[in-house]
Amino acid sequence: MDKIKIIGGQSLSGKIRISGAKNAALPLMCTSLLTKEPLVLKNLPQLADVFTLGSVLSHLGVKTTYEGQAIGEHQATFHAQGPILPEAPYDLVRKMRASFLVLGPLLARTGYAKVSLPGGCAIGSRPVDIHLKGLEALGAKITLEDGYVIAQTQNGLVGAEFSFPVVTVTGTENILMAAVLAQGTTRLLNCAVEPEITDLAHCLQAMGAKIEGVGTPILTITGVSSLHGTTYSVLPDRIETGTYAMAAGITGGEVELIGTDLALIPTTSQALEAMGMTFKKTAQGFIATGPSHKLKAVEVTTDPYPGFATDLQAQIMALACVAEGTSLITETIWENRFMHVPELARMGADITIKGNTAIIKGVNSLKGAPVMATDLRASVSLVLAALTSSEETIVNRVYHLDRGYEELENKLGACGAIIERVREGSTYDISTTTHPLKAAG
Ligand code: EPU
């Protein structure tokens, strides 16, 4: 398995182009199932999760073509002309939970869908009960058989009112995609309002869907009989944006983030400002600048958008580890999202967990260490922590990073980080005392 080797201690300086958002790209790809015409997605990040969902779509009968070499130029065409096989097997769905997003579109398109239940996940139990209740409200008959959800309708989905009992991102996306082809009007209450949902709604509108209330918790959808193809550009990744802003912060550096918008991370930028960072909008994005002295402690609680994103919780904890004072970080979305804590502790962090709150006493510096994490955001928090230590850190299980960070080592390397991917099978010896990277750097 590939590893990432980092020798930190440099202040990052330079420009980073932000990729298209993973969590916008995945539902957008699923909209291709709603039309017989081609859907072209521009600014599509080349990530393991995108290719995994691409394989699921291919299995269902969607013709998929990827193009473009550079970040920002990647695009793909998804053409679900038919016939569609409305069955997504366990072997494909288990690789990535977001594959469950094919359920709503498949049901809307064919009146039948058999999709494997995604199963548990490292960050929590992640049920899909609300997705199923929402589809039932639209008239679907749902049965569970041998680990599969079978959803069917007699004469198509029918518009209805449904209130989400818990704010759910992919739940809102699944039901929205189903409702656009339902007969009559659907009113969805207590919808998630993450920018990725707004992006999905805009793409659906470009395909001919009738949706009102976009960007608010109440969506009113008037069903149409068919949608057409379109070309749509995926919005910039706000989690990647926040992560690289924090990379500038934790190294006391200055990085311009290109192709993104400060407005995508309102609560994060406030928290980082409270820690001593500054932000300046530019024509192409914004400049994130770390404090000249130490970061200050922070208090954050994760919440659905526009609250502090759970997907940035592990990263801000890395900053808190080296900040002056005691920080409090509370996780309210996922019950098991502190797996980075023992790994950060191995690097010398002082963290105590009480319930769903982490109490972090800032230390002067972190040490290098071999570390690993069991999810994407936890892994990248270890990368951020490693950037502060002049000792060597090896981050194992890089496949987690490849799920959500396009060209991470190139982006950080271009800003002066000493970072290298050690390919599987390479003869690199972790106990080496001379650092080839240091020599090269
Ligand atoms: N929930 C239920 N029942 C459901 C659905 C959700 O109880 O049917 C609960 C969950 O257990 C959780 C809460 O609702 O406690 C919120 O979960 P949500 O459904 O919003 O999460 P998700 O849609 O599965 C998306 C992102 C996650 C991100 C969360 C929260 C995608 C593909 N995934 O997951 O992203 O953490 O929203 O913002 O959009 C990541 O990118 O690293 C990642 C995990």
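Restricting attention to the stretch 301-318, does a residue exist that is in a strand (DSSP E or B), free of Cβ contacts under 8 Å to residues at least 40 places away in the same chain and either farther than 17 Å from residue 242 by Cα or open to solvent by 10 Å² or more (accessible area, probe 1.4 Å) (or both)?
Going through the stretch 301-318, the residues in a strand (DSSP E or B) turn out to be 301-302, 308.
Narrowing the set further to residues that are free of Cβ contacts under 8 Å to residues at least 40 places away in the same chain leaves 301-302.
Filter again for either farther than 17 Å from residue 242 by Cα or open to solvent by 10 Å² or more (accessible area, probe 1.4 Å) (or both), leaving 301.
Yes, because at least one residue in the stretch 301-318 is in a strand (DSSP E or B), free of Cβ contacts under 8 Å to residues at least 40 places away in the same chain and either farther than 17 Å from residue 242 by Cα or open to solvent by 10 Å² or more (accessible area, probe 1.4 Å) (or both).
Among the residues making up the stretch 109-133, those that are part of a loop (DSSP other than H, G, I, E, B) and either near the ligand (Cβ under 9 Å from one of its atoms) or more than 18 Å from residue 156 (Cβ to Cβ) (or both) are 117, 118, 119, 120, 122, 123, 125, 126, 127, 128. Residue 314 falls short of the stated requirement of being within 21 Å of residue 276 (Cα to Cα) and in contact with a strand residue (DSSP E or B) (Cβ under 8 Å, 6 or more places away or on another chain).
Scanning the stretch 376-394 for residues that are in contact with a strand residue (DSSP E or B) (Cβ under 8 Å, 6 or more places away or on another chain) and either within 16 Å of the ligand (Cβ to nearest atom) or open to solvent by 10 Å² or more (accessible area, probe 1.4 Å) (or both) returns 379, 382, 383, 390, 391, 392.
Would you check if there is a residue in the stretch 182-198 being of a type in the set (Asp, Glu) and surrounded by fewer than 17 Cβ atoms within 10 Å (Cβ to Cβ)? Give the derivation first.
Filtering the stretch 182-198 down to residues of a type in the set (Asp, Glu) leaves 194, 196.
So of that shortlist, the ones also surrounded by fewer than 17 Cβ atoms within 10 Å (Cβ to Cβ) come out as none.
There is no residue in the stretch 182-198 that is of a type in the set (Asp, Glu) and surrounded by fewer than 17 Cβ atoms within 10 Å (Cβ to Cβ).
Just so you know, in the stretch 345-372 the residues that are touching a residue at least 40 places away in the same chain (Cβ under 8 Å) and more than 18 Å from residue 7 (Cβ to Cβ) include one that is farthest from the chain's Cα centre (by Cα), and it is 364. Among the residues of the stretch 210-231, are any under 16 Å from residue 134 (Cα atoms), assigned to a loop (DSSP other than H, G, I, E, B) and aliphatic (A, V, I, L, M)? The answer is yes, given that some residue of the stretch 210-231 is under 16 Å from residue 134 (Cα atoms), assigned to a loop (DSSP other than H, G, I, E, B) and aliphatic (A, V, I, L, M).
What residue, of 205, 183, is more than 16 Å from the ligand (Cβ to nearest atom), free of Cβ contacts under 8 Å to residues at least 12 places away in the same chain and not acidic (Asp, Glu)? So that I can check it myself, show each step before the final result.
Working: 183 fails: free of Cβ contacts under 8 Å to residues at least 12 places away in the same chain.
Testing whether each residue is more than 16 Å from the ligand (Cβ to nearest atom), free of Cβ contacts under 8 Å to residues at least 12 places away in the same chain and not acidic (Asp, Glu) leaves just 205.
When 145, 136, 87, 161 are checked against the criterion of being away from the ligand (no atom under 15 Å from the Cβ), free of Cβ contacts under 8 Å to residues at least 12 places away in the same chain, open to solvent by 20 Å² or more (accessible area, probe 1.4 Å) and not assigned by TED's automatic domain parsing to the domain that holds residue 334, a single residue qualifies: 145.
The values are calculated or read from the model by the stated rules, or taken from the named source; none is laboratory data. This is a predicted model, so every value here is computed, not measured. No Cβ is skipped: glycine too gets one built from the backbone with ideal geometry, and neighbour counts run over all protein chains shown. Accessible surface areas use protein heavy atoms only, side chains included; no ligands, DNA or RNA. Shrake-Rupley method; radii C 1.70, N 1.55, O 1.52, S 1.80 Å.
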